[in-house]
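*Asks:* I am attaching a structure below and will ask some questions about it afterwards.
FYI, it's all coordinate maths here, none of it is from the lab. None of the values given here were measured: they were computed from a predicted structure. Positions of Cβ are backbone-derived with ideal geometry, glycine not excepted, and every protein chain shown enters the neighbour counts.
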Amino acid sequence: MSRPRLGRTFVLNPDPIDIEMHKAELRDTDAGALCTFEGWVRNSNEGREVRSLEYTAYPALALKEGERIVEEAIERFGLIEAFCAHRTGHLSLGDCAVWVAAVSGHRDEAFRGCRFIIDEVKARVPIWKREHYRDGTAEWVLPKTAASTI
Amino acid sequence: MSTERNAAESGPVAGVDSTSDNGQPCSAGPSEKSVVMEYFALFKEQRGLATETVSTTARTLKELYRELADAYGLRYDPESVSVARNDEFAAWDDRLSEGDRVVFLSPFGGG
C-alpha cells in the first residue's frame with residue numbers, strides 16, 4: 001500500500017455520484033492503470049419500456065458487504081486502491097446507478113478487479129431495484145432479469 | 001403470533017425442512033421472545049411497514065420466517081430468500097435470541 005486509505009471504499013449515494021471527485025481521490029503516482037465501470041439506467045428491460053428506476057438498500061449490511069467486496073478485490077488482484085459508489089433513491093434514464101474504480105500498477109489487474117467488484121456487488125450487496133414502466137406500472141426486478149444497467 | 005398454517009396458501013419455504021412442521025405447536029417449545037423485524041423492498045411492500053417488534057416462540061430464523069410468512073403473506077420464490085440478523089448475514093438454522101434484529105432478504109437487484 002503506497003499511502004493510507006482514505007475514507008470508505010464503498011458508499012451509498014442518495015445524490016448523483018461525483019465521479020471526478022472520486023477519481024481525484026484515487027490518484028496515486030505508483031499507479032499505471034485506472035479501470036472504471038459505470039452502470040447506467042437504460043430505457044428498456046425484458047422488452048418493457050422503462051421510465052425510471054428506484055433503488056433501495058439495507059444500509060447497515062450493504063455498507064459492510066460492499067466494503068468486504070472491495071477489500072477482497074484489493075487483496076485478490078493486488079490493487080493499489082479500489083472504490084465503489086452505488087446510488088439509492090429515484091433515478092432517471094441515463095443516470096449513473098453504480099460506479100466502480102480499480103487502480104493498479106498495470107492494466108490487467110485493474111480490469112479484473114473492476115469486473116470482480118461489479119459482479120460481486122450485484123450478487124452480494126442488499127440493494128433492490130424497482131423499475132417504473134411507461135405504462136405506469138412498477139415492479140421489483142429479479143436478478144435473472146435485472147439487466148437494466150448492465 | 002399465530003402459528004396456524006394454511007397449507008393451501010403457504011407452499012414451500014426457503015431452507016425450511018418439513019420435518020419440524022410435525023404439527024407440534026410452537027408453544028410447546030421455548031418461551032416467547034421479542035425480536036425486531038425490519039423490512040426492505042418487496043417484503044416492506046408486502047408487510048406494509050418498515051419495522052415492527054414481534055413476539056414469537058420461534059427457535060430459529062427459519063421458524064420465524066415460516067411464522068411471519070404465513071401470518072403476513074410474505075411470498076416470494078422461497079429458494080431465493082436469505083436472512084440477516086443484527087446486520088450480518090445469517091443461516092436459517094441459527095438460533096433466535098431475545099432482542100435480535102432480523103431482516104428477510106429478497107433477491108438483490110443492485111447494479
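*Asks:* How many partner chain Cβ atoms sit within 10 Å of a residue's Cβ in peptide A:56-63, on average, as a whole number?
*Replies:* 5
*Asks:* Once you sort the root eigenvalues of the Cα gyration tensor of chain A as a ≥ b ≥ c, which label holds: rounded (a/c under 1.5), prolate (a/b larger than b/c) or oblate (the other case)?
*Replies:* Taking the square roots of the gyration eigenvalues as a ≥ b ≥ c, chain A is prolate.
*Asks:* Is the shape of segment A:65-150 rounded, prolate or oblate, going by the alpha carbon gyration tensor and its root eigenvalues a ≥ b ≥ c, with a/c under 1.5 for rounded and a/b larger than b/c for prolate?
*Replies:* It comes out prolate by the Cα gyration axes.
*Asks:* Sorting A:Arg124, A:Arg87 on the 10 Å Cβ count, fewest up front, what's the list?
*Replies:* Ordered from fewest to most neighbouring Cβ atoms within 10 Å, A:Arg124, A:Arg87 come out as A:Arg124, A:Arg87.
*Asks:* How well do other chains shield peptide A:103-109, expressed as the mean number of their Cβ atoms within 10 Å of each residue Cβ?
*Replies:* Neighbouring Cβ atoms belonging to other protein chains average 0 per residue here.
*Asks:* Whole angstrom only: what separates the Cα centroid of segment A:77-108 from the Cα centroid of segment A:8-37?
*Replies:* Between the Cα centres of segment A:77-108 and segment A:8-37 lies a distance of 7 Å.
*Asks:* Next up: When Cβ neighbours within 10 Å are restricted to other protein chains, what is their mean count per residue of peptide B:96-109?
*Replies:* 4
*Asks:* Please list, in chain and number order, the residues 5+ apart from A:Asn45 or on another chain whose amide H is under 5 Å from its amide H, with Hs placed from the backbone.
*Replies:* Under 5 Å from the amide H of A:Asn45 lie the amide H atoms of A:Val50, each far enough along the sequence or on another chain.
*Asks:* Convert each backbone phi in segment A:79-92 into a coupling constant with the Karplus relation 6.51 cos²θ - 1.76 cosθ + 1.60 (shift: θ = phi - 60°), then list the ³J(HN,Hα) values in order as whole Hz, x for Gly and Pro.
*Replies:* With coefficients 6.51, -1.76 and 1.60, one gets 6, 7, 7, 8, 7, 9, 10, 10, 6, 10, x, 8, 10, 9 Hz.
*Asks:* Now for a separate question. Under 5 Å between amide H atoms, partner at least 5 residues away or on a different chain: which partners does A:Asn13 have, H built in plane at 1.01 Å?
*Replies:* Amide H neighbours of A:Asn13: A:His86, A:Arg87, A:Thr88.
*Asks:* Expected output is a single nm value to one decimal: the length gained when fully extending between B:Arg59 and B:Ser80, i.e. 0.36 nm times separation in residues minus the C-alpha distance. What is it?
*Replies:* So the extension gain works out to 5.4 nm.
*Asks:* Let me know the shape class of segment B:69-111, please: from the alpha-carbon gyration tensor, a ≥ b ≥ c as square roots of the eigenvalues, rounded when a/c is under 1.5, otherwise prolate if a/b is greater than b/c, or oblate.
*Replies:* The shape class here is oblate.
*Asks:* Give the calculated FRET efficiency between B:Phe89 and A:Arg107 to the nearest 0.05, with a Förster radius of 41 Å applied to their Cβ-Cβ distance.
*Replies:* 0.75
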